[in-house]
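All of the numbers you see were taken from the coordinates with simple rules; none came from a lab. This one's a predicted model, so the numbers in the text were calculated from it and none came from an experiment. As a convention, Cβ positions derive from the backbone with ideal geometry for all residues, glycine included, and neighbour counts pool all protein chains shown.
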Amino acid sequence: MFAHNLLKTARAKHFNLKSFHTSIVTSFDVELTQVRYSNLKRGKYSSITDKHISFFESILSKSRVLTDAADVESYNVDWLKTVRGASKAVLKPKTTEEVSAILRYCNENVLAVCPQGGNTGLVGGSVPVFDEIVLSTALMNEVISINKTSGVLVCQAGCILENLEAKVAEQGLMMPLDLGAKGSCHIGGNISTNAGGIRLLRYGSLHGSVLGVEAVKADGTVVDCLSTLKKDNTGYHLKHLFLGSEGTLGVVTKAAIQCPPKPQAVNVAFLALDSFENVLATFRLARSCLGEILSSFEFMDCDSLMAAVTRLKLQCPVPEDTPFSLLIETSGGNSEHDEAKLSLFLDEATNKGYINDGTLASEPSRIKNLWDLREGITQSLSCDGYVYKYDISLPIEHFYDIVDIMKERLKGTPYIKCCGYGHVGDGNLHLNITAPSFDRNLLNLIEPFVYEWTSKHRGSVSAEHGIGFKKTGVVHFSKSGEALKLMAQIKAIMDPKGILNPYKVLPGDPH
Ligand SMILES: Cc1cc2nc3c(=O)[nH]c(=O)nc-3n(C[C@H](O)[C@H](O)[C@H](O)COP(=O)(O)OP(=O)(O)OC[C@H]3O[C@@H](n4cnc5c(N)ncnc54)[C@H](O)[C@@H]3O)c2cc1C
């Protein structure tokens with residue numbers, strides 16, 4: 001019989017992304033991007049002057065135009081503290097009309113702009129590279145409507161994902177996406193990065209659940225594609241241009257999202273396994289036994305799990321030397337039915353020798369304790385100093401090979417951890433290598449090798465985090481020359497002066 005003894009005594013401490021210090025590195029300690037990447041040339045944009053500031057103050061009021069260096073600094077540095085821009089101004093519009101007026105003016109004056117949501121992006125896309133003006137959506141946080149019957153939420157782009165989750169829950173609904181950064185990330189940022197997260201397996205990608213968007217083009221034109229309809233085949237599906245284009249084609253200002261009903265019964269199993277073969281066998285079994293109630297299938301190796309356990313001081317629900325752990329979540333409408341299915345699955349997985357140990361939770365606080373372990377890995381790893389992060393999609397049979405290959409390759413270097421975790425159900429591995437600080441030689445050992453290896457196995461060099469600033473040089477490993485050319489043509493049509501998020505997504509000079 002499956003053992004679920006451990007959780008009964010587990011009382012993990014809760015952690016909060018906002019108050020969590022990723023490391024002792026302060027924003028001002030982070031090397032300027034233009035220094036670290038010294039080959040990069042600033043585009044031929046105007047520099048911001050007092051005249052420009054006066055204009056922005058005239059449309060937004062003084063309090064929503066930040067120019068004091070101390071106020072601006074946190075908007076210049078990414079969440080991982082790996083890139084740092086030198087912007088001198090942050091603009092905080094509240095309405096679409098204000099975004100439109102800002103962009104029209106910036107376009108006319110050739111001022112570069114970096115759109116920013118919650119600034120939790122992991123590829124350096126959300127902060128300036130040089131002195132681009134930061135356009136923050138932090139004050140665009142209004143929920144416009146929630147239709148209980150259709151399940152459609154309409155809101156402004158700056159709403160924080162976790163707040164939306166709470167708001168739609170009042171109507172018996174849930175957000176179709178969830179991720180570890182939910183306490184800080186904005187829905188506009190999620191849409192702009194086409195964020196995946198921990199429930200993509202069940203609810204699909206945002207390309208399906210975002211019904212409509214409103215966005216402002218570089219010249220200030222408002223593009224209203226804010227359909228709330230499930231079916232709308234009237235010409236080109238323009239909303240998709242804004243999904244995953246990371247602020248390079250327009251600023252998303254509003255969104256309409258299809259929210260599924262909130263499940264009545266949620267169960268989580270946290271399991272210990274000996275080998276990656278058993279992870280795959282358990283995945284196959286979970287898909288056939290759990291079917292429609294399977295909502296997450298998350299994986300972590302020993303170093304990833306132990307980083308969260310030790311850094312966040314959480315209780316480990318499996319033996320501490322467990323090579324691989326799985327967090328499997330089911331959600332459905334009938335607890336008896338779901339528990340019976342889960343129980344059968346766990347018994348079969350135990351009898352077949354796939355799983356050795358584990359724990360089961362159905363009470364919300366206990367479920368949260370288990371999810372904290374998985375969701376806390378990203379921030380725990382950054383406590384080591386510098387994290388080389390790779391977010392790759394791979395055919396499932398090669399999912400973990402690269403972690404072992406990389407460990408071998410990095411022997412004798414000053415790396416601290418080389419570990420893997422991620423969304424097995426989506427074939428998405430987060431390969432993380434930590435070191436005390438940024439080290440160019442270590443980087444050269446990892447890259448381009450990791451991308452070449454991924455490309456050779458027909459994987460993607462960015463499964464869900466996007467291209468941002470850091471991956472522009474490797475996008476060709478996953479996109480053909482023709483596809484890249486078409487992307488550049490679309491960019492040229494939508495933003496001919498290249499003012500929107502330059503140096504991001506597209507390889508080459510901004511304009
Ligand atoms: C702990 C942690 C866990 C994470 N887990 C996941 C995960 O499971 N899955 C996943 O996909 N990602 C994950 N991420 C990455 C990140 O949270 C997502 O990419 C998220 O969608 C970014 O949202 P944001 O509001 O913070 O956007 P930002 O970081 O502010 O911006 C991201 C990009 O979108 C652009 N942008 C932001 N808002 C707008 C807008 N309104 N209009 C146009 N462009 C805009 C920015 O210019 C930038 O290029 C995680 C990050 C952390 C720190």
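Annotation: lysines with alpha-carbon distance below 24 angstrom to residue 44 (same-chain offsets under eight excluded): 88, 217, 470, 471, 485, 491, 497, 504.
Short-range pairs are left out: with C-alpha atoms under 8 Å and at least six residues apart, the relative contact order of the chain is 17 percent. From most to least packed by mean Cβ count within 10 Å, the peptides 346-355, 247-256 give 247-256, 346-355.
On a full-extension model of 0.36 nm per residue, what is the gain between residue 292 and residue 447, subtracting their alpha-carbon distance, rounded to one decimal in nm?
51.9 nm
Looking at the P(r) of the chain, how many percent of alpha-carbon pairs lie beyond 39 Å? Tail of P(r) above 39 Å: 24 percent of Cα pairs. The shape of region 385-478 can be summarised by an equivalent ellipsoid whose semi-axes, obtained from the alpha carbon gyration tensor, come to 20, 15, 12 Å from longest to shortest. Looking at region 118-211, the GluC sites (Glu not before Pro) that sit in a DSSP loop and have at most 14 other Cβ atoms within 10 Å of their own Cβ are 142, 170. Of the peptides 41-51, 260-270, the ranking by mean beta-carbon count within 10 Å, highest at the top, reads 260-270, 41-51. Taking other C-beta atoms within 10 angstrom as a stand-in for reagent exposure, 292, 452 fall in the order 292, 452, fewest first. The dipole here belongs to the chain: it is taken about the Cα centre, uses +1 on the Cβ of Lys and Arg and -1 on the Cβ of Asp and Glu, and is about 860 debye. Residues 283, 55, 242, 299, arranged from fewest to most other Cβ atoms within 10 angstrom of their Cβ, appear as 55, 283, 242, 299. Counting neighbouring Cβ atoms within 10 Å and putting the fewest first, the residues 503, 386 line up as 386, 503. Cross-link partners for residue 231 among the lysines, with Cα-Cα distance under 20 Å and sequence neighbours closer than 8 places in the same chain left out: 148, 239, 254.
For the chain, the mean residue ellipticity at 222 nm estimated from helices alone is -9000 deg cm²/dmol, where every DSSP H run of n ≥ 4 contributes -39500 (n - 2.57) and the total is divided by all residues, rounded to the nearest 500. Along region 154-170 the Karplus relation, 6.51 cos²θ - 1.76 cosθ + 1.60 evaluated at θ = phi - 60°, assigns HN-Hα couplings of 10, 8, 6, 5, x, 5, 6, 3, 5, 5, 5, 4, 5, 5, 6, 4, 4 Hz to successive residues, with x for each Gly and Pro.
Based on C-alpha pairs under 8 angstrom that are at least 6 apart in sequence, region 143-258 has a relative contact order of 31 percent.
The packing ranking, built from the mean of other Cβ atoms within 10 Å per residue, places the peptides 489-497, 105-113 in the order 105-113, 489-497, highest first. Its Cα gyration tensor gives region 143-258 an equivalent ellipsoid. The semi-axes, each the square root of 5 times an eigenvalue, are 21, 16, 14 Å from largest down. Where in region 325-356 does the amide nitrogen come within less than 14 Å of the point 7 Å from the Cα of residue 315, taken along Cα to Cβ? Residues passing the 14 Å test: none. The distance from the alpha carbon centre of region 374-453 to that of region 316-340 is 25 Å, rounded to a whole number. Distance between the 7 Å Cα→Cβ label points at residue 104 and residue 163: 2.7 nm.
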